[in-house]
Amino acid sequence: MIPEPRFPAEPWQVRETEIDFDQLAQAESVFALSNGHIGVRGNFDEGDPSGLPGTYLNSFYEVRPLPYAESGFGYPESGQTVLNVTDGKVIRLLVDDEPLDLRYGEIVSHERVLDLRAGLLRRTLEWCSPAGTRIRVRSERLVSFSQRSIMAIRYVVEPVDDTVRVVLNSELVANQPLPPASGDPRVAAVLDDALEAVQHAASEQRGYLLHRTRGSQLLLAAAMSHDIDCAGSVTQELAAEPDLARLTVATRLEPGSSLTLTKYVAYGWSAKRTAPALRDQVQAALITAVNTGWDDLLAEQRNALDDFWDGADVEIDGPEEIQQASRFGMFHAFQASARAEQRAIPAKGLTGSGYDGHAFWDTEAFVLPLLTATAPRAAADALRWRHATLDLARERARMLNFTGAAFPWRTIRGQECSAYWPAGTAAMHVNADIAVATARYVRWTGDSDFERDHAVPILIETARLWMHLGYDGDDGRFHIDGVTGPDEYTAVIDDNAYTNLMAAQNLQFAADVVRRWPEQAADLGITEAEVDHWRSAASRIALHFDGARGVHQQDRGFTDRQVWDFEASAKEGGYPLLTHAPYFALYRQQVVKQADLVLAMHWATDAFTAEQKAHNFAYYDALTVRDSSLSACTQAVIAAEVGHLDLAASYLAEAALIDLDDLEHNARDGLHIAALSGAWLALVAGFGGLRDQGEHLLLRPQLPQHWRRMAFGLRVQQSRLKVEITPGTVTYSLTGEEPLTLRHVSVGTDELLTLADGESVQRQWSPVVPLTPRPHQPAGRPPVTLSKNGAATRS
């Protein structure tokens, strides 16, 4: 039987109408709120029941040892794990002395709504206690985009039939017990009682807790304040202890009356400030929020999202599930970054503790293309964070006896935290991903100050790294050996195509910025001879082609290896392979965890002809098991480019619905921010055909069968470009002071168009005719399809 989708397809919201106690943690990830600085999971206001309690502050972490059976040169000695900080969400309710716990009594009605335009989590509940008393609860929660340190909740209780006695306990709680981590290596470590109490205080309607981490020695402050509105008499009591501050509010409610509690919570942390300074910081933020008031916080929240959606929205007249899921993904990408302000964008954002809260190459390769084109200030902040860690990357390179800078594979603060060399430090492409993302931001925005101060040193130091890692071969080409590409089932190999092509772009971009900023380059000791070597290496980068099979090799010799027995894996239920097979077996055979050469065809599009792309895609699609959430979106982009639009639509659905439909059964640990951002890439780079590697933005529009319209916005320089695709026709419209030249490409057409402010231009398009039959996928790994009821299934 095909399951019903858990969340009905609605264009601007995600709504839950029934509670599945076995899936609480997944819902908590879906309904998480963040602003890039604070993240709160969608736990129930009352605290219990919960799947995984979670409140996070970006880059607030504890260190932990990384044990090795055998030590090795260059292995990092400690890791970093994001911490569940002081929880300010908790508002416990007692009704005639019985706690509101949804596992008991009767849930008469329940609804939670994540409003993607308002930036709010709304909840309505009617509950009958075990003693038969009925009450209604309405709550709204936000994490403010306008006031970075603030989370706020409005909680309303009213009786249904009879007079009731109610008690609210509004709390700040530190060191919450957490469920044990699973055996899945992608799940975070759990650190018990990681916060050491420093100070606590309570007065009037405010409470305050200050803690310090034991290892990383980071200070954390949380403070709360309240407004209470009730027609009847109210009794209040406030108390604080090292790990708990609590305001208790008690009253008697007659039918038709209500008790409204508005709770403001302020957070702050620091590695350098003193305890009094941090205390004063959060108290000031708290007073500002209280002075602003609930209604104005709501208005500010809506204004921030109105501005985002005005230049970013993707409108789809097609499957309602994809419309909802694409906006859900963009909303969470924006949440993860909006107020991060020179902090990392973790793989899970601030929606869960998966991957220990680390940031990877995912950010630059999948999230930043979305943000650069829709929320460029957030993209700039993420890249400024990388620049802030440049000295650590230089130090890491020196320790490994490299030149230049070696950025970490996974990190919170900037130090390498990967304990596995083949799928960690050897994945040197992260350095080119960062460099190319930096160059992309400059090209899209024209931000010359950023280029001078941040792009120049990043590009130069990463270029130096590639010149150290690579060498001139006897064949006259520039080779890079002993690295791991995006495909983590093929490790420590030679001439990975993606790594080489991205390194070549890195080298070329570095040479270009040296020409534009000679004084800054001179400060870094750059010589003309060094730049000439960069250009030469970039022009001669090695790329291997298997003439017998008519395809490029993912790495040197890849297509000569034995092909994995996918039929056996499918019969044994052996996916994901990383939990069913030893890496030694995976590394020796043709099996691809995630798009690698196919990713190279997206981001280094000019390195391949149309015929090569078609044959490469058909070959590698049959080998790619998509055991990574990062794969489907890239496969969608290239499937669309080579004319397999129905397959592209299936891969789009897999990327977009990965968390709403919990396709990989791991959304409990947090959302897949890069995959959700990748759904935007599948739409805009796939069906929109957007490419940005040339002098002008290129668009090659298409639509899947049965789609009637798709429109999307892009922020380019100081202008906003809108692209509207209907069957056979595309319209380009520009708003902005500066004219924009773009390249419109379709079958038999390649035309430069220059648009001025307020101008629209319409052109025709035709679908790409596939050069190969529809590719087949590995046994047991068919692409997702949408059933008639909207559920995502693997056909």
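The values are calculated or read from the model by the stated rules, or taken from the named source; none is laboratory data. It should be emphasised that the depicted structure is a prediction, and the values quoted were computed from it without experimental measurement. Positions of Cβ are backbone-derived with ideal geometry, glycine not excepted, and every protein chain shown enters the neighbour counts. Just so you know, the surface numbers come from the protein's heavy atoms only, side chains and all, with ligands and any DNA or RNA stripped out. Shrake-Rupley method; radii C 1.70, N 1.55, O 1.52, S 1.80 Å.
Just the number, please: carbon plus sulfur as a percent of the accessible area of the range 98-235, 1.4 Å probe, no ligands or DNA/RNA counted. It would help to have the intermediate numbers written out before the result.
Values: 2380 of 5600 Å².
Carbon and sulfur together cover 43 percent of it.
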Exercise. Extension gain Thr754-Ala277, at 0.36 nm per residue separation less the Cα-Cα distance, in nm?
Worked result: 166.3 nm
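Counting only C-alpha contacts under 8 Å and six or more residues apart, can you give the relative contact order of the chain as a whole percent?
Values: 1858 pairs, mean separation 95.2, N = 795.
Dividing the mean separation by the residue count of the chain yields 12 percent.
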For this session: State to the nearest 20 debye the size of the charge dipole of the chain about its Cα centre, where the only charges are +1 on K and R beta carbons and -1 on D and E beta carbons.
Result: 540 debye
Seminar exercise, completed: Over all viewing directions the Cα convex hull of the range 1-151 casts an average projected area in nm² of 14.0 nm²
Exercise. Hey, got the dipole for the range 563-636? About the Cα centre, +1 on K and R Cβ, -1 on D and E Cβ, debye to the nearest 20?
Worked result: 120 debye
Problem set entry | Separation of alpha-carbon centers, the range 250-291 and the range 656-677, rounded to whole Å | 32 Å
For this session: May I ask you to give the solvent-accessible area per residue for the chain, in square angstrom, as obtained with a 1.4 angstrom probe?
Result: 36 Å²
Problem set entry | the range 648-795: relative contact order as a whole-number percent, Cα under 8 Å and 6+ apart | 19 percent
Exercise. So which lysines pass the test for Lys593, namely a Cα distance under 20 Å, with those fewer than 8 places away in the same chain ruled out?
Worked result: Lys348, Lys571, Lys613
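If contacts are Cα pairs under 8 angstrom and at least 6 residues apart, what is the relative contact order of the range 598-719 in percent?
Numbers: 138 pairs, mean separation 27.4, N = 122.
Relative contact order here is 22 percent.
Taking every eigenvalue of the Cα gyration tensor of the range 602-733, multiplying by 5 and rooting it, what semi-axes result, largest first, whole Å?
24, 19, 15
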For this session: Return the distance in nm (one decimal) between the two label points of a simple spin-label model at Glu738 and Ala585, each offset 7 Å from Cα along Cα→Cβ.
Result: 5.5 nm
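On the accessible surface of the range 535-615, probed at 1.4 Å, how many percent belong to carbon and sulfur atoms? Can you show the working numbers first?
Numbers: 1780 of 3520 Å².
Solvent-exposed carbon and sulfur of the range 535-615 make up 51 percent of the total.
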Problem set entry | aspartates and glutamates whose Cα lies under 13 Å from that of Lys89, excluding same-chain neighbours fewer than 8 positions away | Glu28, Asp45, Glu46, Asp48, Glu140, Glu171
Problem set entry | Pairwise centroid distance, computed over Cα atoms, of the range 687-716 with the range 75-117, Å | 40 Å
Exercise. Considering the dipole of the range 257-301 built from charges on the beta carbon (Lys and Arg +1, Asp and Glu -1) around the Cα centre, which of Ala289, Ala271, Thr260 is farthest to its positive end?
Worked result: Ala271
Exercise. Which whole-number percent of Cα pairs in the chain have a distance greater than 47 Å?
Worked result: 21 percent
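Could you compute the longest span of the chain free of GluC sites (Glu not before Pro) located in DSSP loops and having at most 16 other Cβ atoms within 10 Å, not counting the site residues?
Numbers: sites that count: Glu18, Glu70, Glu77, Glu204, Glu572, Glu695, Glu737, Glu759.
Between exposed loop sites, the widest span is 205-571.
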Exercise. If one computes the Cα centroid of the range 31-57 and of the range 481-557, what distance in Å separates the two points?
Worked result: 42 Å
For this session: Only residues of the range 365-386 count here: report those whose backbone N is under 15 Å from the spot 7 Å along Cα→Cβ of Asp449, or say none.
Result: 377-378, 380-381, 384
